[in-house]
Amino acid sequence: MSTNTATPAPPSAAGERSSLLRLYLSRGILAVAWAAVFAKAHASVDALAITLLVVYPLIDAVSSFIDRRALPTGSERQVTTFNGVLSTLAAIAVGIAGGGGVAPVLHVFGAWAILSGAAQVVVGLRRRGPELGKQWPVLIAGGLSVLVGIAYNIQAGGDDPSLDVLAVYATGGGVFFIVQALLLGWKARQLRTRTV
């Protein structure tokens, strides 16, 4: 018989961790898959490229609204709602911008990356704690998103803007979400071991 007296995680915390693990893993895999397809499909800003450009922020929007359903009322839920609405508007805006070519698309993606990255940092900071870990991958990804968004807007105003950077952005974000999911799984096993 173990003499460990650690208090087991409340069911609500364990449920939130499990829900986030699945959400982050799915979101990460979808982002990496999107990047692989987009890398081969954006030679020109045609109908396929524009469709893919619209799909990417929609992935974020759907993920945010799924995340929102699992959250209690409060500021974290409000920020997640904001990000879902923002990503939906970004999908519409990038679809419209696609008709203007590469530079407008980069401007829209840049603005979205800045705002959604900032929201991600806020949510990551609020989730730091013993149940959900330090949230470093989410925080790093959010911070990088802000910086990358600024870079996109600078590049959009240059002589030779390119959409190649979007596949790199999606791959990096996807990898960070997958790492966060793996860390949540490790955290869950660690907490279970302490209660045995």
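Only the coordinates and a few stated rules stand behind these numbers; no lab work does. For clarity, every value in this text was computed on a predicted model and none was experimentally measured. Methodologically, a virtual Cβ is constructed for each residue, glycine included, from the backbone with ideal geometry; neighbour enumeration extends over all protein chains shown.
A few notes on this one:
- Counting every other Cβ atom within 10 Å of each residue's Cβ, Tyr169, Tyr152 order from fewest to most as Tyr169, Tyr152.
- Ranked list, fewest to most other Cβ atoms within 10 Å of each Cβ, for Lys134, Lys40, Lys187: Lys40, Lys134, Lys187
- Once both labels are positioned 7 Å from their Cα atoms along Cα-to-Cβ, the gap between Ala103 and Ala33 label points is 3.6 nm.
- Exposure proxy order (Cβ contacts within 10 Å, fewest to most) of Asp160, Asp67: Asp160, Asp67
- With Cα atoms defining each centre, segment 30-59 and segment 77-140 are spaced 17 Å apart in the structure.
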